[in-house]
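The values are calculated or read from the model by the stated rules, or taken from the named source; none is laboratory data. Just so we're clear, the structure is a prediction, and the values are computed from it rather than from any experiment. Glycine gets a Cβ as well: all are built from the backbone with ideal geometry, and neighbour counts include every protein chain shown. In case anyone asks, the SASA skips ligands and DNA or RNA and just uses the protein heavy atoms, side chains included. Shrake-Rupley method; radii C 1.70, N 1.55, O 1.52, S 1.80 Å.
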Amino acid sequence: YLGKYEVQETKAPEGYLLNTQKYPVELIYADQETEIVYGDVTVPDEIAKGKIRITKTDKETNKPIPSGAEFTVTAAEDITTPDGTVRSEKGTVVATLTTDDKGKAETDKLYLGKYVIKETKAPEGYLLNPKEFEVTLAYKDQTTEIVYGDVTVPDQPAKGKIRITKTDAETNKPIPLGAEFTVTAAEDITTPDGTVRAEKGTVVDTIVTDTTGIARSKELYLGKYVVKETKQPIGFIRPNQTWDVELKYADQKTELVKE
C-alpha cells in the first residue's frame, strides 16, 4: 500500500559486511493510470577484508627474533571481489613488511584471497628462509570486518667453525697429529633472540689435529672464543699462550663462517 516504509538489510551477500542502516522510502500516488509506483533504494555494502600477521622466530628456540626481517606479500591468484573486480593480479606484490622489536609485522587491510609470504632479508645473525608461505584470507561472516591470516617464519641462526693449523715454529710446516686444544667461550655466547647458548668460561669443544696438522671445531654459535693448546705433539714444547677467535656474521646466505 502507498505510504512510508523503512528498508533494512538482514543478510549481506558472501564477501560483504551487513549494512545496518535503515533507509526510508515513500510510495506516493502517481495518477489514476499508474497501477504500481516504485520506491528505489540503493543499499551499499562494505567489502570484508583481512590482514596478514607475521611472526619471526629462531628455528631452534621458537623465540621471536627482534627486528630486522623483511618480507614481500604477493597475490597468489587474481584477487577478485564478488562484484567481479580484479583488485590485484596474480604475482603483484601487495605489501612489503619489516618486523618490529617484538619480531612482528602486519599488513594494512587486504582484499580476501590467497597470498604468498616470502622473506627477502633475514635478521642479523640468521640465515634467509627460502620457503614461501601461503596464506588465505577467507570470508568469515557478515559482521567480521577484518579476518586475520597468521604465519610464523623460522630462521636458522648462522654458525661457524674454528680451524686450527699446527705448525713448526721454525719451518712453518704443519705438524701431523698429537696436538689437542680447548675452545672456551670468551663471553656469554648469545643469539639475537636473547638465548644464551654458552656462558662465559664454558669449554664448548675439545679438538685434536689430524694427519695434516689441522683441527676443526664442531659448529659453534657466533661470538668470541679463546683457543688454548692442552697437549703438544711429541718432540715439541707447548706454547704458553692463548688465541682469541671471533666468529662473525657474514651474510644471510653463509651457513658456516670459518676462522
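Count the net charge of all other residues whose Cβ sits under 10 Å from the Cβ of residue 13, scoring Lys and Arg as +1 and Asp and Glu as -1.
The answer is -3.
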Just to check I understand the Karplus step: with θ = phi - 60° and J = 6.51 cos²θ - 1.76 cosθ + 1.60, what whole-Hz values come out for segment 132-143, glycine and proline as x?
9, 10, 8, 10, 10, 8, 10, 4, 9, 6, 6, 10
Projecting each Cα onto the charge dipole of segment 182-228 (Lys/Arg +1, Asp/Glu -1 at the beta carbon, about the Cα centre), which of 221, 185, 196 comes out farthest on the positive side?
185
Using the Cα atoms of the chain, I'd like the radius of gyration and the largest Cα-Cα distance, Dmax, both in angstrom.
32.6, 125
So for segment 90-163, Kirkwood radius off the Cα pairs, Stokes-Einstein at 4 °C and 1.567 mPa s: how many µm² s⁻¹?
88
Long-range HN-HN contacts of residue 80 with modeled amide H, under 5 Å
87
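Might you tell me the accessible area per residue for segment 5-60, computed with a 1.4 Å probe and given in Å²?
Accessible area per residue: 71 Å².
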Calculate one ³J(HN,Hα) per residue across segment 98-115 by plugging θ = phi - 60° into the Karplus curve 6.51 cos²θ - 1.76 cosθ + 1.60, and present them in order as whole Hz with x for glycine and proline.
10, 5, 8, 6, 10, x, 10, 8, 9, 6, 6, 5, 10, 5, 5, x, 9, 9
Along the three principal axes, how long is segment 1-95 when you take its alpha carbons, biggest first, rounded to the nearest angstrom?
82, 27, 18
What residues have an amide H closer than 5 Å to that of residue 92, excluding those fewer than 5 places away on the same chain, when H is modeled at 1.01 Å from N in the peptide plane?
75
Antiparallel DSSP bridges in the chain: what percent, to the nearest 5?
80
Measure off, as a whole percent, the carbon and sulfur share of the 1.4 Å-probe accessible area of the chain, all protein chains present.
47
Cα-only Debye scattering, segment 163-259: base-10 log of I(q)/I(0) at q = 0.21 Å⁻¹
-1.05
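What dipole magnitude, in Debye to the nearest 20, does the chain give about its Cα centre under +1 on Lys/Arg Cβ and -1 on Asp/Glu Cβ?
It comes to approximately 1900 debye.
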Can you list the HN-Hα couplings for segment 36-49, worked out from phi with the Karplus curve (6.51, -1.76, 1.60; θ = phi - 60°), rounded to whole Hz and with x for Gly and Pro?
10, 9, 10, x, 8, 10, 9, 10, x, 10, 6, 7, 5, 10
